[in-house]
Amino acid sequence: MSHVSEGAVPDPRAAPQFAAHPHSTAQPRLTEAGRMILMTMIARVADGLPLAASMQENEQSGRNLQEYQNQAKQLFRKLTEHSPTRCTLETGLLMFHYLIDRGVCYLVLCEGNYSKKMAYAFLDDLQAEFSELYIKKVTTVSRPYVFIEFDTYIQKLKKTYSDSWSRRKLGSINSELHDVQRIMVTNIEEVLQRGEALSALNTKASNLSSLSKKYQQDAKELNSRSRFTKAAATGICLFMVMLYFWWL
């Protein structure tokens, strides 16, 4: 578990660093949640300002998370009010999952094999607590990571999701919470390298959906016309036969 030293004032220009407990001599043991939920970040959608963050230390996760943190910051700057409210982005073997609510983006970085349903349940819990505590202040702050104390709750929530019994319980409770298969999945490199806002991807997805519906509607109209033409041809043939016999 990550800790923030008492009395320490985080540098507002940089992401918070979470050091091991100063009195601990043993190597920190990585829990399943630590292996699965590697990083959590919260940002304001309007300008991408980071509001809070929590991540595993490098020696715990076995990864350098700086690269992923930079990707997350770039992603925040591309979000707009028209971006998908839920989206999954592939980054190598890992996955970003995010949720947008009331102008705030809640994002987690997880192992690729971590349950998407659990990831979004985690984000829902995160959003509910953060909104209750800070949502009224979000539009007024100007310094990054101003809600750094929220890391305490994030770590507590991670612990809840690390317990095997809790995971089974949460999985059962939230089994019908979201249709996660319908959440858009894309590649973060494509979004960042193309310089394309997620709102554009959402627009393309909506356009494809509209085209599909239009195609289905056109197909129905063509089928209806075809049936009408066949019925009319049959009616004309019957009329001609009846007229022929009538003149005989």
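The values are calculated or read from the model by the stated rules, or taken from the named source; none is laboratory data. As the structure is a prediction and not an experimental result, all values here were calculated from the model. Every residue, glycine among them, receives a Cβ derived from its backbone with ideal geometry; neighbour counts consider all protein chains shown. Just the protein is used for accessible areas: all its heavy atoms, side chains included, with ligands, DNA and RNA removed. Shrake-Rupley method; radii C 1.70, N 1.55, O 1.52, S 1.80 Å.
Within the set 78/137; 116/159; 116/156; 78/156, which residue pairs have Cα atoms separated by over 26 Å? The pairs that break the limit, which is 26 Å between Cα atoms, are 78/156.
Going from most exposed to least, what order do 77, 86 have by accessible area with a 1.4 Å probe? Present the calculation step by step, with values, prior to reporting the outcome.
On the way: 77 160, 86 60 Å².
In descending accessible area the options line up as 77, 86.
In this view, the solvent-accessible surface of residue 47, computed with a 1.4 Å probe and all protein chains in place, comes to about 80 Å². Spacing of the modelled spin labels on residue 77 and residue 152, each 7 Å from Cα toward Cβ, amounts to 3.3 nm.
May I ask you to rank 237, 110 by accessible area, largest first, using a 1.4 Å probe over the protein chains only? Please list the in-between numbers first.
Values: 237 85, 110 0 Å².
Solvent-accessible surface, decreasing: 237, 110.
Computed over neighbours whose Cβ is under 12 Å from that of residue 141, the net charge equals +3, Lys and Arg +1, Asp and Glu -1. Note on residue 152: accessible area is roughly 100 Å² with a 1.4 Å probe, heavy atoms of protein only.
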